[in-house]
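FYI, it's all coordinate maths here, none of it is from the lab. Values in this document were obtained by computation on a predicted structure and should not be read as measured data. Ideal geometry is used to build each Cβ from the backbone, glycine not excepted, and the neighbour counts take in all protein chains shown.
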Amino acid sequence: MKNSIGREIPENILGYREVHKYSSPFDKKPLGRRASPPLKQVKPDDSKLLSNIEEAIKKVGLKDGMTISFHHHFRSGDYILNMVIDTIGRMGIKNITIAPSSLSNIHEPLIKHIENGVITGIHTSGVRGELANEISKGLMEKPIVIRSHGGRARAIEAGEIKIDVAFLGVPSCDEYGNAKGKGQKSMCGSLGYAIVDAKYADAVVAITDDLVPYPNIPASIDQTSVDYVVEVDCLGDSNRIASGATRFTKNPKELLIAEYASRVIINSQYFKNGFSFQTGSGGSSLAVTRFLKKEMNLRNYRARFALGGITKPMVEMYEEGLIENLIDVQSFDLVAAESISKNSNHYEIDASQYANPHNRGCFANQLDVVVLSALEIDKDFNVNVITGSDGMIRGASGGHSDTAASAKLSIIVAPLVRGRIPTVVDRVNTVITPGETIDVLVTDRGIAVNPRRKDILESIKDKGLPIVSIETLKESAEKIVGKPKSIEYEDRTVAVVEYRDGSIEDVIKQIK
Amino acid sequence: MKIVKTGMAGTMESSDINITIEKNQESGIKIYLTSSVEKQFGDQIRKVILETLEQMKVNDVVVRAVDRGALDCTIRARVQSAAMRGAMSENQIDWGLF
């Protein structure tokens, strides 16, 4: 059974709920009411402070078969997830489903917990490193479920992911559970992904390495949603939580792509005083802001807001008065993490506010322009950011499909080839973002406009930009690198790719 | 072209290929390839190495190739250099071969 983007979707998927095929970006309508956590009572003399994680696991009554969640604001510096799972494994609890907002290289130790039956299900935005390789090779019996950031928030609010216990690492916290993204030992800025878990989980354990006096306010996660507080020595490796500052690229290819992309934006109908934008953290994507800045200064334009993963270049533009508001679900570097507690119009939002398609309107809906990257893009403009050209899982869905569907102008920036790997291909290995939500592809060898967007083509043609068809780009890539052999897969599904609305866009098969 | 000693060319940088050519005690050309793009381009890389050696009339060698996503033109150039070094003829290049 094929969905509307030509992807073969199995009728039934082991361990997955009823299959809904993807049909178009806003086709699937929400039904029912939001999920909600149980009512609780904490009396005036009760203490929430526990001595260690094991005690917290006992207190919340974690049992075989339950679902637990984590956030990925500590990225590849995160110690919490491994710490909690190691403890659960030692305690003999099995058959746990984990629902972290994402996974990174540091979570490789999960492999042994999967082999031992401690973990049997994974919901995540992405997976990397050896864990991703093993999952691609069929490590797990049940396929993992890949969701976008907005899609995860939606699934939690809809009760499709029911979190029994959320274990949330927080850089500072008081004994009553008021938590912030900045502490003495570690700092991650926005706690946007964790806030959703805190609101909807049946039980919430805040884990901190900086226990501060009550009240630790204003708090990102507040006392009314936290059951227990645990102090540990160290939440993570702060060098890997947020790198010092995102640096501008010097790579001439990336700069060329960024310059083209900025000229697409500047010539579009969306570039005006008070516009809004989001850029990813990739080299070209970040450099776009530099070119935009120049033109904004020239025309005396200010952006009303910048959304997303906030980075140093955006903070600089804010401080120079070029951006009025920073709307931050995740702070990408230390500069952004500092800024959120220092700059008055730098706001923390949660993942539902950011990009959930089934609430009463997310911030992404108000976006004019988004600049995104891609591992692969095909002739229908479908984008893959999850599997490598070898078919192995190696990336994350992130906010890619959310912002592409929501923004008025969505631009993909990517080199035509990476080494011997073509970026523009006949058919992407896995679809994360449907082509009908992508407007323009900018490469170092030319710019292709989605034929659906004749208006954009009209506004950027005759401006000295190298506009070509996406087929032409695909052929030039092939001329340079040759024709790659198709990847061979087994029949078994190792991952289900959910679109942000909960329909299935694609599945990832076990690698041969 | 007769290989008299081990010839090497290329680096381990990305987009390059490192080629080592040495005499094969048995007859024929044996290729040991490791590549970051084995699944997509492994066969193509072997084909280019073999064709380049045949063109240079190099026989009875063992080729060890460590590829980091080199393009065909790079692979050809590295194989040619390695073969000429192995034949100790890198200063007397027979351009007619190419």
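Can you run the Rg to Rh ratio on segment A:252-486? Use alpha carbon positions and the Kirkwood inverse-distance Rh.
0.96
Once both axes come from the Cα atoms, what is the angle between helix B:38-55 and the longest principal axis of chain B, in degrees from 0 to 90, rounded to 10?
The angle comes out at about 10 degrees.
If you line up the long axis of helix B:72-86 against the longest principal axis of chain B, both from Cα atoms, how many degrees apart are they, to the nearest 10?
Around 30 degrees separate the two axes.
Using θ = phi - 60° and the Karplus curve 6.51 cos²θ - 1.76 cosθ + 1.60, what whole-Hz ³J(HN,Hα) does each residue of segment A:57-71 get, with Gly and Pro shown as x?
4, 5, 4, 7, x, 5, 10, 3, x, 7, 10, 10, 10, 9, 10
Calculate the dipole size of segment B:7-89 relative to its Cα centre from +1 charges on Lys and Arg beta carbons and -1 charges on Asp and Glu beta carbons; express the result in debye to the nearest 20.
80 debye
A:LYS29 to A:LYS483: extension gain in nm, 0.36 nm per residue of separation minus the Cα-Cα distance?
159.4 nm
In the neighborhood of B:LYS39, defined by Cβ-to-Cβ distances under 11 Å, what is the net charge if each Lys or Arg adds +1 and each Asp or Glu adds -1?
Here the count lands on -2.
How big is segment A:231-281 in terms of Cα radius of gyration and Dmax, in angstroms?
For segment A:231-281, the Cα radius of gyration and maximum Cα-Cα distance read 17.7, 53 Å.
Could you run the Karplus curve 6.51 cos²θ - 1.76 cosθ + 1.60 with θ = phi - 60° over segment A:221-231 and give me ³J(HN,Hα) per residue in whole Hz, x for Gly and Pro?
With coefficients 6.51, -1.76 and 1.60, one gets 10, 9, 3, 6, 10, 9, 7, 9, 10, 10, 9 Hz.
With the cut-off at 20 Å, tell me which of the pairs A:LYS250/A:LYS463; A:LYS48/A:LYS199; A:LYS293/A:LYS379; A:LYS142/B:LYS39 have Cα atoms farther apart than that.
Violating the 20 Å Cα-Cα cut-off are A:LYS250/A:LYS463; A:LYS293/A:LYS379; A:LYS142/B:LYS39.
Does chain A come out rounded, prolate or oblate by the C-alpha gyration tensor, with a ≥ b ≥ c the root eigenvalues, rounded set by a/c under 1.5 and, if not, prolate when a/b is larger than b/c and oblate if not?
Cα axes put chain A in the oblate bin.
Local charge sum around A:ILE456 (other residues, Cβ-Cβ under 11 Å, Lys/Arg +1, Asp/Glu -1)?
Around A:ILE456, the charge tally is +2.
So who's got an amide H within less than 5 Å of the one on A:ILE323, skipping anything under 5 residues away but keeping other chains? H placed 1.01 Å off N, in plane.
A:ALA303, A:TYR318
So for segment A:392-439, averaging the separation of alpha carbon pairs under 8 Å that are six or more residues apart and normalising by length, what relative contact order in percent results?
Relative contact order, segment A:392-439: 49 percent.
Net charge around A:SER24, counting only other residues with Cβ within less than 13 Å of its Cβ (Lys, Arg = +1; Asp, Glu = -1)?
Cβ neighbours under 13 Å give a net charge of +1.
Could you derive backbone 3J(HN,Hα) for segment A:35-48 from the dihedral phi with the Karplus parameters 6.51, -1.76 and 1.60 (θ = phi - 60°), listing whole Hz in sequence and x where the residue is Gly or Pro?
Rounded to whole hertz, the list is 6, 8, x, x, 5, 9, 10, 10, 8, x, 8, 5, 10, 9.
Counting only complete DSSP H runs, which helices of chain A cover 20 Å or more along their long axis at the Cα atoms and score a mean Kyte-Doolittle of -0.5 or above?
A:252-267, A:283-299
What size of dipole, in debye to the nearest 20, comes out for segment A:51-240 about its Cα centre when the only charges are +1 on Lys and Arg C-beta atoms and -1 on Asp and Glu C-beta atoms?
Here segment A:51-240 has a charge dipole of around 520 debye.
If I model segment B:7-89 as equal point scatterers sitting on the Cα atoms and use the Debye formula, what is log10 I(q)/I(0) at q = 0.27 Å⁻¹?
So the normalised log intensities work out to -1.41.
Check A:VAL494: other-chain or 5+ apart residues with amide H under 5 Å from its amide H, H built from backbone geometry?
Close amide H contacts, sequence-distant or interchain: A:ILE508, A:LYS509, A:GLN510.
Under 5 Å between amide H atoms, partner at least 5 residues away or on a different chain: which partners does A:SER102 have, H built in plane at 1.01 Å?
When sequence neighbours closer than 5 places are left aside, the close amide H contacts are A:HIS72, A:SER125.
Of B:VAL61, B:ILE19, B:THR34, which is farthest on the positive side of the dipole of chain B, counting Cα position, with +1 on Lys and Arg Cβ, -1 on Asp and Glu Cβ, and the Cα centre as origin?
Of B:VAL61, B:ILE19, B:THR34, it is B:VAL61.
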